[in-house]
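Scroll down for the structure; my scribbles are underneath it.
Coordinate-derived values only; no laboratory data. If you're wondering where the values come from, they're calculated on a predicted model, not measured in any experiment. When we count neighbours, we look across all protein chains shown, and the Cβ atoms used for this are built from the backbone with ideal geometry, even at glycine.
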Amino acid sequence: MNRKAYSFWLAAAAICLFTLASRPGAALKTFRISGRAQGTTYAITYYAERPAVSQTQTDSIFKSLDNSLSIYQPGSLIDAFNASQEGVVMDKHLTNVVWRSMEIYEQTGGLFDMTVFPLVRAWGFGTKGSDQLPDSAAIHAIMPCVGSDKLQIFGGKLVKNNPCIQIDVNGIAQGYSVDVVANFLEARGVRNYIVEVGGEIRTKGHKYPGKERMSIGIETPSATEFDAPEIRAVISIGDGAVTTSGSYRKFREQGGLRLSHIIDPKTGFPVQREVVSATVVAPDAITADGFDNALLAAGVDGAFGILRAHPELQAYLIYRRSDGTVADTASAGFGKYLVR
Amino acid sequence: MAGAGLSTAFTPLFGKTIGPADKIRLGLIGTGSRGAGLATLIREMPDYDLVACCDIIPENLQKGLSLASKTAKGYTDYRKLLDDKSIDAVVIATPLYLHYPMAVAALQAGKHIYLEKSMTYDIPQAIDLVKKVKASGLVFQIGYQYRYYGLYHRVKEIMKENWLGKITHFECQYNRNSNWRFPVKDPKMERAINWRMYREYCGGPLSELCAHEIDVVNYLTDSRPVKVVGLGGINYWKDGRDTYDNIRTVYDYPNGVKASVTSVLSNAYNGYSIRILGDKATVEILRDKALIYPETINNAKGTVDGVTGATIAVTTQGKGAEVKFGKPGEAELEPTVFALKDFAECVRNKKEPVSNVETGRDGSIAIHMGNAAADTEKVQYWKPEYSA
């Protein structure tokens, strides 16, 4: 079969599948898949006449994502880039994530920066914990290795201008994974689903058989790394994505001070801002996930500055006042999502 | 002599000021297993000069002196050691029944005191010692070293931060699978060496082992028990001992918090452990680490289709996460070293120790209540006059 004919049959098959899955009046059943990936859990619920995706397929998607993007997996493509002197040829996943990361780097004025990895490691939040805290001289020495403007893409190759540059796309990879799984569902004709990976979510359509809206709880910041979630607000976003970045689960204690795992790429030091949790609604999860860290690092005023330039984003921020009490605030368009 | 001692004791000012660079001249009364262990730690500490040791058993005394300063003096009568005016402070690590008379004599001699746990043999002695220490103006510390250990500080902190939710129970055990005896060459020395076997000298496992855990619960809850029930027996090691070889008590703390305190001398699984049960998580404290086991309650999630939040690390049910404590890069030291360091600090700066005569009294009274509950098979209540 030549390439053209192959594409034709593929398209025809996709249309058949699509009509099957979305045939009006057909009774949609609930399918659920859940498991572990990327050091956390994932859960997929979709509504269709028949199974469209298997656990084996989703697990294999996560595996291919890890092979490309995981700093925890020795031999991953990102690991190879970090170990390289000059750079590597990227695969599809790394290309997608790096392009979007660079765009968001620009759009957040550098507050989202994947080259922050050497700093993350110095502060003991990397793949290996560290007993010592870095001093300002050590951070100063790392700063020449930080900055996405030191990366370039030539052809399909990601190139660094200094061997010490290392990237960590953990701030965006979960959101991207959600999109990849959602796109996989869509390619199989599924039009009603919720995909969640480690608290990053994308929804489309409704729940069946009642055709209810899908509701998403926004978690109250908790004190520990493993607390069961408590819901602070409930939203329904229709077709779109929502992600949350919080400085409340991952932190190190140091002399009574909590060090956030979010490092400000401009100063090299952990973010000590008042925002403890930033929830972002966006058309896709990679966008939401890229911006949520930046809003956390920007502080309340800075966050609203970024949001004004991006009307496609809505955000809900939980922050700590100077007296220690916790309050929340949201962008003007966020209210329409609130269910309770 | 007694008069002279008293006048020193009742002078609120210390006999002499010890500068920050001066070594504290220390006498060690009781150089048995615990005393020798203390001497081994003290030898490495720049704060102290161990200038005198006292023990009635010659082997013990030799051992103590071998760990002390080259010029240290040996005594078999502790009163002679106390007569040495050049000694600033004493460590008392003798069988429990000797704690009170030795501590009183040391106060009269104007010595600062580090007294091994538990504090006193009975309740009246505990109450009286509080009065005597307060009147003396001397530093008096009880050897509950866990109050000085970062692990327990961190556990107290996470309790305060509500990691565990509402705490309702403590489960404490201090178990061993041994007869808990030391070898005796001369049968005449049996009671002197194996004093832990005899009620005449101590309260058995509760006063010699579980004392730490009772003190820890008091420390973590900032309270003391209201009442206690208990059962005990000699059912395994029927070797002539008259202290229990198993005792199980339940202490009732304010607000209905209960602490079971157990010692079994015929099983050593997780020998030393304190489990703190909260409605959000459990903390299990072992010798040198603590693990936290979150509850898998997830009521919130049932009402929505998804929850967005900072990434939740996967925790396996039944597998605890280790509680991190201590400062980065800080050396891991025997908890007793921290306690002895703080004792030096208190002596130099005239501060009241964290493990002081009142916390010591609370521990000792709780121990005696627990033993009395098992002895009488009747609930024992904390009486107002205990802490008046």
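Miscellaneous remarks
- Rounded to the nearest 20, the Cβ-based charge dipole of the protein assembly as shown about its Cα centre (Lys and Arg +1, Asp and Glu -1) stands at 620 debye.
- Relative to one another, the C-alpha centroids of the stretch B:72-134 and the stretch A:90-159 are positioned 62 Å apart.
- GNM top mover of B:VAL304, B:VAL51, B:VAL130 - chain B, alpha-carbon springs below 10 Å: B:VAL304
- Here chain B carries DSSP beta bridges of which approximately 55% are antiparallel, counting only pairs with both residues inside.
- Whole-number percent relative contact order across the stretch B:39-94, with pairs defined as alpha carbons under 8 Å at least 6 apart: 33 percent
- With respect to chain B, whose longest principal axis is taken over its alpha-carbon atoms, helix B:33-43 is tilted by about 80°.
- Packing-based ranking of B:182-190, B:331-339 yields B:331-339, B:182-190, ordered from highest to lowest mean Cβ neighbour count within 10 Å.
- Using C-alpha pairs below 8 Å separated by at least 6 residues, the relative contact order for the stretch A:25-337 is 16 percent.
- Take every pair of alpha-carbon atoms less than 8 Å apart whose residues are at least six positions apart; their mean separation over the length of chain B yields a relative contact order of 20 percent.
- Sequence of B:THR303, A:THR58 once ranked by neighbouring C-beta atoms within 10 Å, starting from the fewest: B:THR303, A:THR58
- Paramagnetic reach from A:ALA327 (point 7 Å along Cα→Cβ, amide N under 20 Å) across the stretch A:272-298: A:272-279, A:295-298
- Residues A:ASP135 and B:ILE57, FRET efficiency given R0 of 56 Å [Cβ-Cβ distance, rounded to 0.05]: 0.60
- Each label was represented as a point 7 Å from its Cα along the Cα-to-Cβ direction; for A:SER64 and B:SER33 these points are 6.4 nm apart.
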